[in-house]
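The values are calculated or read from the model by the stated rules, or taken from the named source; none is laboratory data. Since we're looking at a predicted model, the values are computed, not measured. For neighbour counting, all protein chains shown are included, and Cβ atoms are generated from backbone atoms with ideal geometry for every residue, glycine included. Side chains included, ligands, DNA and RNA excluded: accessible areas come from the protein's heavy atoms. Shrake-Rupley method; radii C 1.70, N 1.55, O 1.52, S 1.80 Å.
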Amino acid sequence: MAHPTSLHNNDAPARSSSTASQWLLHRLGMLPVLVVLYLLFYALTIYLSGDGSSNFATAENTMNILRQVAINLVLAAGMTFVILTAGIDLSVGSVLAVSAVLGMQVSLSAAPGWSIPMFIVSGLLMGMVNGAMVAFLNINAFVVTLGTMTAFRGAAYLLADGTTVLNNDIPSFEWIGNGDFLHVPWLIWVAVAVVLLSWVILRKTVLGMHIYAIGGNLQAARLTGIRVGLVLLFVYSISGLFSGLAGAMSASRLYGANGNWGSGYELDAIAAVVLGGTSLMGGVGTIWGTVVGALIIGVMNNGLTILGLSSFWQYVAKGAVIVLAVILDKWRQKDATQ
């Protein structure tokens, strides 16, 4: 039997190692995973090419990854607000579809210049519907947004009449999806603007403090005088607004929209937020973590496609990474309670 003193001495390095790893996890989040993933795909593409070249780590492909990540990042930014309050928004993909169809229909009308307001306002209104039911009717967010996800999807199919609304002449908002500024696509600039706006709200305003407080302890937030209902209405509204903006980006990129637009996007948005370190229990997380999470998903999708893996295997890989992120989230929560 080992002496208690020796046990104490042997445990010290282990605790030190554990503390160091947890400190790194808290400080860097999933950034090391993103770097390792990028280098892994770089090495694999070199190995499989046979001539020492890589078509993954090129400037053109890196820009392509950022362009693909932009729409998911805008959706995930809105989802970050919601999850920070310990809520969930399953309807973002359906809101995107309704907004995209409505915006494209306006682009075909006598007032095409109203397309962008239609994208944004329609998304905002649908988000307010979610927020009102969660905040003032006290209905569980999962149930509310599961229902509106289905209802909004049906509305998108009805509005598009089961077809794809196409318009190759969209000068009022073509720049969003296909234009560039300083040789960088506007899709990326819009995503950067959304991230910066989210950061300012969450970190530099009283509203942001209230969002974290509600996610940390709802009852305590009520007792301290925070107007919980209005804050919850805001977070679901901004999630809807960003979804409408993502609808504009998507419709502009592809010159069309239909009822199936954005199907499954809610999964990618939730995955980006969770991968970025935002706790599903609320109160913990950052918008910069969400950026890293969205980039991880983008690198995975792009790398697996270049390696020739089918979309089915991409779903398997994405699911495995999400499970890993949840395990890390549990580890962080356990560490925080110790």
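Work through the residues other than ILE287 whose Cβ is under 13 Å from its Cβ and net out their charges, Lys, Arg +1 and Asp, Glu -1. With Lys, Arg at +1 and Asp, Glu at -1, the net is +2. Quantify, in whole percent, the carbon and sulfur part of the accessible surface of the chain (1.4 Å probe; protein heavy atoms only). Result for the chain: 69 percent of the exposed heavy-atom area is carbon or sulfur.
Under the rule a/c < 1.5 gives rounded, and otherwise a/b versus b/c splits prolate from oblate, where does the stretch 105-183 land using the Cα gyration tensor?
Here the stretch 105-183 falls in the prolate category.
With the Cα gyration tensor of the stretch 242-331 giving a ≥ b ≥ c as the square roots of its eigenvalues, does the rule (a/c under 1.5 for rounded; else a/b larger than b/c for prolate; else oblate) give rounded, prolate or oblate? Oblate is the answer for the stretch 242-331, as a/c is 1.5 or above yet b/c matches or exceeds a/b. Relative contact order for the stretch 186-263: 16 percent, from Cα pairs under 8 Å spaced at least 6 residues apart, divided by residue count.
Given R0 = 45 Å, the distance between the Cβ atoms of THR164 and VAL192 translates into a calculated FRET efficiency of 0.90.
Which helices of the chain meet both criteria: a Cα extent of 20 Å or more along the helical axis and a mean Kyte-Doolittle score no lower than 0.0, with helices taken as whole DSSP H segments? Kindly include the intermediate steps, with their values, before the conclusion.
Details: long enough: 4-28 (35 Å, -0.73); 31-49 (27 Å, 2.17); 59-84 (34 Å, 1.20); 92-107 (22 Å, 1.71); 115-136 (31 Å, 1.73); 141-160 (28 Å, 1.38); 186-204 (26 Å, 1.94); 228-254 (39 Å, 1.53); 287-306 (28 Å, 1.55); 311-337 (39 Å, 0.30).
For the chain, where a helix must reach 20 Å along its axis and average at least 0.0, the hits are 31-49, 59-84, 92-107, 115-136, 141-160, 186-204, 228-254, 287-306, 311-337.
Each peptide in 152-159, 49-56, 284-291 gets a packing score, the mean of other Cβ atoms within 10 Å over its residues, and the list from highest to lowest is 284-291, 152-159, 49-56. Shape verdict for the stretch 121-233, please, from the Cα gyration tensor: rounded (a/c under 1.5), prolate (a/b greater than b/c) or oblate. It comes out oblate by the Cα gyration axes. So, in nm, how far is label SER263 from label LEU137 when the simple model puts each one 7 Å beyond its Cα toward the Cβ? About 2.7 nm separates the two model spin labels. If you plug the beta carbon distance of ALA43 and TRP288 into 1/(1 + (r/R0)^6) with R0 = 35 Å, you get a FRET efficiency near 0.85.
What does the charge count around GLU174 come to, taking other residues whose C-beta lies under 14 Å from its C-beta (Lys +1, Arg +1, Asp -1, Glu -1)?
Values: positive: ARG253; negative: ASP169, ASP180.
Taking every Cβ under 14 Å from that of GLU174, the sum is -1.
Here are several values of Cα extents along the principal axes in Å: [x] 83, 58, 38; [y] 98, 55, 35; [z] 86, 66, 36. Which one was derived from the coordinates shown? Working out Cα extents along the principal axes in Å from the coordinates points to [z].
In the neighborhood of VAL299, defined by Cβ-to-Cβ distances under 14 Å, what is the net charge if each Lys or Arg adds +1 and each Asp or Glu adds -1?
On the way: positive: ARG67, LYS318; negative: ASP268.
Overall, the nearby charge balance is +1.
A viscosity of 0.692 mPa s and a temperature of 37 °C, combined with the Kirkwood radius over Cα pairs in Stokes-Einstein, give a translational diffusion coefficient for the stretch 20-164 of 176 µm²/s.
Each of the peptides 38-45, 203-210 was scored by the mean count of other Cβ atoms within 10 Å over its residues; in descending order, highest first, they stand as 38-45, 203-210. Each of the peptides 305-316, 218-229 was scored by the mean count of other Cβ atoms within 10 Å over its residues; in descending order, highest first, they stand as 218-229, 305-316.
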